[in-house]
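Engineer: Got a structure here, written out as C-alpha cells. Questions coming.
The values are calculated or read from the model by the stated rules, or taken from the named source; none is laboratory data. Just so it is clear, the structure is predicted and the values come from calculations on it, not from any experiment. Cβ atoms come from the backbone with ideal geometry, glycine included; neighbour counts cover every protein chain shown.
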C-alpha cells in the first residue's frame with residue numbers, strides 16, 4: 001500500500017489536531033507547532049554547518065525533542081487519546097550543560113554582538129530568532145489552553161544554547177564577533 005502525502009482535507013483552510021478537532025490553519029496552536037517545525041528545519045541547516053561529532057549529536061537530539069514538542073502542541077488537550085512522548089527536566093539539563101561547556105571555551109562577552117561573520121554563525125542567529133518566536137507563540141497558546149510548562153522552558157533554554165553555539169562557531173572559525181556600539 002502506498003501512502004499519499006496529500007489528503008485534500010485542508011483545502012478549505014482548516015486542519016485536524018491529534019484527537020480529531022478541526023481548527024483554522026491560522027489558529028495559534030497551528031502557528032505554535034508550525035514555528036517549532038520551522039525551527040527544526042533551521043536546526044537541520046545548523047547540522048550542515050559542522051563536522052564536530054558532539055555538536056552533531058546534540059543537534060540531532062534537539063531535533064528529536066522538537067518533534068516531541070510539535071506532537072504535544074498538535075494534540076487537542078481535551079480530545080486526544082493517543083500516548084505521546086514527553087519533554088523532561090533532563091532534556092533542559094542537557095542544554096544547560098552544553099551552554100556551560102561552551103561558556104568555558106569562548107572568551108567572555110563584553111558587549112552585545114551583531115549577528116553574522118560566517119554562514120554558520122548567521123544560521124545560529126536565525127535559528128535563535130525562530131526559537132524565540134516559537135516560544136512567544138507557545139506562551140500565547142497558554143493563555144487559552146493548557147500547555148506543559150516544560151515546553152516553554154525548553155524553548156527558552158534552546159534559544160540560549162543557539163546563541164552560545166553561534167559564539168562557539170565564531171570562536172572555532174576564528175571569526176571576529178562584531179560588537180554592537182550604540183550611537184547616542
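Engineer: Please determine, by comparing only the residues of region 32-52 that are more than 30 Å from residue 173 (Cβ to Cβ) and touching a helix residue (DSSP H, G or I) at 6+ places or on another chain (Cβ under 8 Å), which one is surrounded by the fewest Cβ atoms within 10 Å (Cβ to Cβ).
Structural biologist: Within region 32-52, the first condition is being more than 30 Å from residue 173 (Cβ to Cβ), and the residues that meet it are 32-34.
Still in the list and also touching a helix residue (DSSP H, G or I) at 6+ places or on another chain (Cβ under 8 Å): 32-33.
Numbers: 32: 29, 33: 22.
The residue in question is 33.
Engineer: Can you tell me which residue within region 166-184, out of those that are assigned to a loop (DSSP other than H, G, I, E, B) and over 18 Å from residue 123 (Cβ atoms), is farthest from the chain's Cα centre (by Cα)? Please lay out each step first, then the result.
Structural biologist: From region 166-184, those assigned to a loop (DSSP other than H, G, I, E, B) are 173-177, 180-184; that's our starting set.
Narrowing the set further to residues that are over 18 Å from residue 123 (Cβ atoms) leaves 180-184.
Numbers: 180: 25, 181: 29, 182: 29, 183: 32, 184: 35 Å.
By that ranking, first place goes to 184.
Engineer: Same structure again: Looking at residue 29, is it in contact with a helix residue (DSSP H, G or I) (Cβ under 9 Å, 6 or more places away or on another chain), within 26 Å of residue 77 (Cβ to Cβ) and modelled with pLDDT of 85 or more? Steps first, please.
Structural biologist: On the way: in contact with a helix residue (DSSP H, G or I) (Cβ under 9 Å, 6 or more places away or on another chain): yes; within 26 Å of residue 77 (Cβ to Cβ): yes; modelled with pLDDT of 85 or more: yes.
Yes, satisfied.
Engineer: Name the residue, out of 89, 78, that is under 19 Å from residue 32 (Cα atoms), surrounded by fewer than 12 Cβ atoms within 10 Å (Cβ to Cβ) and touching a residue at least 24 places away in the same chain (Cβ under 8 Å).
Structural biologist: On the way: 89 fails: under 19 Å from residue 32 (Cα atoms).
Selected residue: 78, the only one of 89, 78 that is under 19 Å from residue 32 (Cα atoms), surrounded by fewer than 12 Cβ atoms within 10 Å (Cβ to Cβ) and touching a residue at least 24 places away in the same chain (Cβ under 8 Å).
Engineer: Being over 15 Å from the mean Cα position of the chain (by Cα), surrounded by 19 or more Cβ atoms within 10 Å (Cβ to Cβ) and outside any loop (DSSP other than H, G, I, E, B) is the requirement here; does residue 55 meet it?
Structural biologist: Details: over 15 Å from the mean Cα position of the chain (by Cα): yes; surrounded by 19 or more Cβ atoms within 10 Å (Cβ to Cβ): yes; outside any loop (DSSP other than H, G, I, E, B): yes.
Taking the combined requirement at face value, the residue satisfies it.
Engineer: Kindly indicate whether any position in region 32-49 is in a loop (DSSP other than H, G, I, E, B), on the phi < 0 side of the Ramachandran plot and modelled with pLDDT of 95 or more. I'd like the intermediate steps shown before the answer.
Structural biologist: Keep residues of region 32-49 that are in a loop (DSSP other than H, G, I, E, B), which gives 48-49.
Still in the running and on the phi < 0 side of the Ramachandran plot: 48-49.
Cutting the leftovers down to modelled with pLDDT of 95 or more gives us 48.
Yes, region 32-49 has at least one match.
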